[in-house]
Amino acid sequence: MGHDHLPLHVDTQVIHAGQRPEPVTGAVMPPIFTSSTYAQRSPGEHTGFEYSRSHNPTRYALERMMARLEGSVLTESQDVTFGGFAFASGLAAMDCVLELLTAGDEVVCMDDVYGGTNRQFQRVKARSQGLKVRFADLTDTASLARAMTPKTSLVWLETPTNPTLKLVDLAAIATMAKKINPAALVVCDNTFCSPMNQSPLALGCDIAMHSATKYLGGHSDVVGGMLVTGNAELAGRLRFHQNAVGAVMGPFDAYLVLRGIKTLALRMQRHNDSGMAVARWLESRVGHGVQRVIYPGLASHPQHALAKRQMRGMGGMITFFIEGGLAEARAFLENTRLFTLAESLGGVESLIEHPAIMTHASVPPAMRQELGISDTLIRLSVGIEHVDDLIADLERALAAARGAGSAGTGRVRATV
Ligand SMILES: *Cc1c(COP(=O)(O)O)cnc(C)c1O
């Protein structure tokens with residue numbers, strides 16, 4: 001009882017959750033412990049740290065922080081990092097989850113997922129582990145019942161999806177998955193939301209997964225991945241596999257991601273605000289160069305009600321279709337000055353990209369077409385610059401694009 005059990009606001013948690021001063025010096029930020037090994041007093045008698053793949057204090061600090069941000073309440077005696085695990089990349093984190101499965105297992109995966117997720121399932125694990133992966137459009141909860149069987153051991157979710165920003169009702173899907181097979185693992189890639197905007201564990205998922213490369217790091221200067229579970233038994237299995245497979249995050253990277261997380265609350269607030277403003281502006285240009293805008297925060301999003309229920313903020317990711325064809329899309333992408341044409345997302349700087357040619361080139365063309373990842377689809381990652389400057393940049397690029405494709409306008413490259 002008492003106020004010391006009241007949960008702290010998330011703005012406070014991103015600074016303090018799971019953190020403690022370094023015991024020897026009192027350093028407030030964890031030192032970057034580069035040592036690969038640790039001295040023992042007597043064989044097997046050590047400080048809790050033996051070898052850095054298995055134990056690293058800098059990595060622990062990040063893992064404990066993320067565990068708390070994703071809502072794990074595991075104690076240190078249940079799991080030394082409260083169910084948080086850091087990896088060399090988001091895809092290495094995914095790989096660790098798949099190592100929990102047994103050769104030949106059935107998997108159901110959301111149809112529209114990060115290109116590298118699709119590739120790891122289809123071009124690696126289908127062969128090396130014989131996983132039988134079925135892709136389903138889980139925006140329709142009933143489609144899980146059609147795709148899943150009592151033998152399905154993993155349901156892999158991503159919401160909002162990349163790049164078409166479809167939503168999955170996590171609570172409904174997790175409940176249904178457990179009904180069909182209580183032993184099935186439900187995993188949600190929470191990269192697009194970060195723990196600020198969505199809490200998969202609270203909605204019934206077993207594991208929240210992140211590419212720490214994106215919003216967690218937040219400065220486009222580190223590649224990493226995270227897993228969090230609030231289940232002690234599952235934490236034990238993940239801990240075994242993190243060490244046994246070994247794609248751990250290094251101490252420098254752990255320090256950078258932890259440093260990034262200190263400003264996560266501030267940054268996400270700006271990403272959410274500017275994302276909304278840019279999406280609204282783009283929608284105001286429909287019929288004037290923009291064909292359609294997809295953003296969960298817009299009333300025009302088919303799952304807007306679910307977005308308001310499930311997400312605390314709508315994020316900085318926006319997808320839109322430009323009027324015309326590939327020529328217009330190309331002209332637009334070549335003419336932004338603040339939005340950098342680059343893969344990735346979630347950094348302080350705004351990025352723009354063309355999924356069909358760039359991030360989703362590894363998705364088979366037929367599947368791309370089915371998902372609506374067309375030549376006119378453009379994805380924005382709205383950064384934390386002043387939103388008026390960002391909108392002015394898009395306005396200029398849109399003007400340049402409108403002259404690009406159609407013959408006879410005479411306005412190609414007429415400006416600037
Ligand atoms: C980037 C990304 C990944 C992969 O993470 P890496 O750190 O690049 O390995 C997985 N899922 C989503 C949604 C991503 O954006």
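The values are calculated or read from the model by the stated rules, or taken from the named source; none is laboratory data. A quick note: this is a predicted structure, and the numbers were derived from the prediction, not measured. Reconstructed Cβ throughout: ideal geometry from the backbone, glycine too, with neighbour counts over all protein chains shown. With ligands, DNA and RNA removed, areas are computed over all heavy atoms of the protein, side chains included. Shrake-Rupley method; radii C 1.70, N 1.55, O 1.52, S 1.80 Å.
Below are the figures for this structure:
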| read-out | value |
| --- | --- |
| The chain, relative contact order [Cα under 8 Å, separation at least 6], % | 16 |
| Order of exposure, largest accessible area first, which applies to Trp156, Trp281 with probe 1.4 Å | Trp281, Trp156 |
| Three principal axis lengths of segment 184-320 [C-alpha, angstrom, descending] | 55, 34, 23 |
| Per-residue [θ]222 nm for the chain (sum of -39500 (n - 2.57) over DSSP H runs n ≥ 4, rounded to 500) | -10000 deg cm²/dmol |
| Å² of accessible area per residue within segment 190-301, as computed with a 1.4 Å probe and no ligands counted | 34 |
| Rg to Rh, two decimals, where the chain supplies the alpha carbon set and Rh follows Kirkwood | 0.99 |
| Taking the C-alpha atoms of segment 220-280, convex hull volume expressed per residue in Å³ | 129 |
| The chain, accessible surface, carbon-and-sulfur percent (1.4 angstrom probe) | 55 |
| Sequence-separation-based contact order of segment 263-350, relative, with Cα cut under 8 Å and 6+ spacing, percent | 28 |
| Where the Cα pairs of segment 72-209 fall when distances are cut into 10 Å bins, in % | 12, 45, 36, 7, 0 |
| Viscosity 1.002 mPa s, temperature 20 °C, Stokes-Einstein D of segment 10-67 from Kirkwood C-alpha radius, µm²/s | 169 |
| For segment 196-236, convex hull volume per residue from C-alpha positions, Å³ | 64 |
| Where trypsin sites (Lys or Arg not before Pro) in DSSP loops with at most 13 other Cβ within 10 Å are excluded, longest remaining stretch of the chain | 152-336 |
| Where labels lie 7 Å past Cα in the beta-carbon direction, separation of Thr340 and Ala142 in nm | 4.7 |
| Three-way shape label, segment 297-347, alpha-carbon gyration tensor, a/c 1.5 | oblate |
| Principal-axis tilt of helix 264-284 within the chain, Cα atoms, nearest 10 degrees | 20 |
| Two-decimal Rg to Rh for segment 1-103 - Kirkwood Rh, Cα set | 1.01 |
| Net length gained if the chain between Leu326 and His219 were fully extended (0.36 nm per residue, minus Cα distance) | 35.5 nm |
| Residue with peak Gaussian network fluctuation, the chain [Cα springs, cutoff 10 Å], from Val245, Val387, Val363 | Val245 |
| Percentage relative contact order, segment 17-137, counting C-alpha pairs under 8 Å, at least six apart | 17 |
| Between 0 and 90°, nearest 10: helix 170-180 axis offset from the chain longest Cα axis | 60 |
| Cα centroid of segment 210-246 to Cα centroid of segment 87-115, whole Å | 13 |
